[in-house]
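Asks: To start, I am sharing the structure in question, which I have written as structure tokens.
The values are calculated or read from the model by the stated rules, or taken from the named source; none is laboratory data. Just so it is clear, the model here is predicted, and its values are computed rather than measured. Reconstructed Cβ throughout: ideal geometry from the backbone, glycine too, with neighbour counts over all protein chains shown.
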Amino acid sequence: MQKVKIMNNKDIQNATTNYLKRNNYPHFDLKTVMFDMDGVLFDSMKNHARSWHDTMAHFGLNLPYEEAFMHEGRTAASTINIVSLRERGHEATEDEIKEIYAYKGMLFNQCPEAVRMPGAYQLLLNVKSSGLTPMVVTGSGQKSLLERLQTNFPGIFQKDLMVTAFDVRQGKPNPEPYLMGMRKAGNLQPNQSIVVENAPLGVQAAVASGCFTIAVNTGPLPDSALLDEGADILFPSMQALCDQWSSLFAILSTTP
Ligand code: MG
């Protein structure tokens with residue numbers, strides 16, 4: 001797996017300056033940090049990828065484990081149709097989609113419980129101490145994980161400031177989830193929020209929303225999969241982002 005070098009303060013400074021110039025903002029006026037959930041707050045993507053791979057194999061289709069990470073954020077129907085088209089030359093019927101997705105849900109529920117991503121809780125505490133409001137913006141409707149946000153990250157998230165599958169019509173890579181997050185936080189402008197994302201389609205959504213986008217590469221994809229979608233900076237893990245939060249926040253607060 002190809003990994004780029006760890007970003008230092010100079011890289012972060014350059015990324016910040018480039019973002020402001022590109023979007024015509026004189027500076028940041030940060031209020032919130034919007035966090036994706038799967039693969040960012042919870043180490044849940046392995047379970048999704050494994051379940052997708054095994055489900056497709058059960059139905060005679062091939063979706064490599066690693067490729068499942070590329071599709072993170074897509075609707076189930078869209079993922080199934082991409083694979084069906086490639087493998088069989090036609091899309092799946094609605095009944096097939098229902099059957100395949102039900103099977104995937106069954107396998108997913110048999111997976112070991114996804115743990116908190118290492119570094120995530122401390123980062124959320126640090127973000128709060130910096131005077132910013134941490135928010136969750138996810139395309140997920142997985143009740144088991146959504147309910148655990150309050151118990152696994154006590155005192156962090158306000159229910160009225162969350163965006164989930166139940167709030168939006170268009171999932172990522174459409175920017176709607178992040179635009180709705182900014183609206184819920186009080187009609188914020190893109191320079192008043194930053195995004196933390198782990199998936200190529202999630203990065204696409206965040207960049208399209210106009211926000212400064214931090215990629216964390218917590219899965220098996222090459223860094224280029226996230227950087228090519230326009231991520232402003234990239235960290236190799238949530239722990240690394242947590243460790244560099246105070247210098248990152250200082251740079252964002254003082255640039256130009
Ligand atoms: Mg994710």
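Asks: Is it fair to say Leu179 is outside any loop (DSSP other than H, G, I, E, B) and under 27 Å from Leu248 (Cβ atoms)?
Replies: Working: outside any loop (DSSP other than H, G, I, E, B): yes; under 27 Å from Leu248 (Cβ atoms): yes.
Taking the combined requirement at face value, the residue satisfies it.
Asks: Just to verify a result, which residue in the stretch 71-82, among those that are out of contact with any helix residue (DSSP H, G or I) (no Cβ under 6 Å at 6 or more places or on another chain) and not hydroxyl-bearing (Ser, Thr, Tyr), is surrounded by the most Cβ atoms within 10 Å (Cβ to Cβ)?
Replies: Start the filter on the stretch 71-82 by keeping residues that are out of contact with any helix residue (DSSP H, G or I) (no Cβ under 6 Å at 6 or more places or on another chain), which leaves 72, 74-75, 78-79, 81-82.
Narrowing further to those that are not hydroxyl-bearing (Ser, Thr, Tyr): 72, 74, 81-82.
Values: Glu72: 24, Arg74: 18, Asn81: 17, Ile82: 17.
Once the filter is applied, the top-ranked residue is Glu72.
Asks: Still on this structure, I have one more. Test Leu241 against the stated conditions and say whether it is more than 21 Å from Asp29 (Cα to Cα), modelled with pLDDT of 95 or more and outside any strand (DSSP E or B). Even if it seems obvious, please write down each step before you answer.
Replies: On the way: more than 21 Å from Asp29 (Cα to Cα): no; modelled with pLDDT of 95 or more: yes; outside any strand (DSSP E or B): yes.
When the stated conditions are applied, Leu241 does not pass them.
Asks: Go through the stretch 56-70 and report how many residues are away from the ligand (no atom under 16 Å from the Cβ), buried (at least 20 other Cβ atoms within 10 Å of the Cβ) and in contact (Cβ under 8 Å) with a residue 24 or more places away in the chain.
Replies: 1
Asks: Any chance the stretch 27-49 includes a residue that's outside any loop (DSSP other than H, G, I, E, B), over 16 Å from the mean Cα position of the chain (by Cα) and surrounded by fewer than 19 Cβ atoms within 10 Å (Cβ to Cβ)? Spell out the reasoning first.
Replies: Pass one, the stretch 27-49, residues outside any loop (DSSP other than H, G, I, E, B): 32-35, 38, 42, 45-49.
The next check asks that each one be over 16 Å from the mean Cα position of the chain (by Cα); those that pass are none.
Within the stretch 27-49, none of the residues are outside any loop (DSSP other than H, G, I, E, B), over 16 Å from the mean Cα position of the chain (by Cα) and surrounded by fewer than 19 Cβ atoms within 10 Å (Cβ to Cβ).
Asks: Sticking with this one: Only one residue in Leu226, Leu241 is touching a residue at least 40 places away in the same chain (Cβ under 8 Å), surrounded by 20 or more Cβ atoms within 10 Å (Cβ to Cβ) and under 18 Å from Asp11 (Cα atoms). Which one? Break it down into steps so the answer makes sense when it comes.
Replies: Details: Leu226 fails: touching a residue at least 40 places away in the same chain (Cβ under 8 Å).
Result: Leu241 is the single residue among Leu226, Leu241 that is touching a residue at least 40 places away in the same chain (Cβ under 8 Å), surrounded by 20 or more Cβ atoms within 10 Å (Cβ to Cβ) and under 18 Å from Asp11 (Cα atoms).
Asks: What about His53, is it more than 16 Å from the ligand (Cβ to nearest atom) and part of a helix (DSSP H, G or I)?
Replies: Numbers: more than 16 Å from the ligand (Cβ to nearest atom): yes; part of a helix (DSSP H, G or I): yes.
When the stated conditions are applied, His53 passes them.
Asks: Hey, Leu145 hits all of (1) at pLDDT 95 or above; (2) part of a helix (DSSP H, G or I); (3) touching a Leu at 6+ places or on another chain (Cβ under 9 Å); (4) under 20 Å from Ala120 (Cβ atoms) but one; which does it fall short on?
Replies: Unmet condition: (1).
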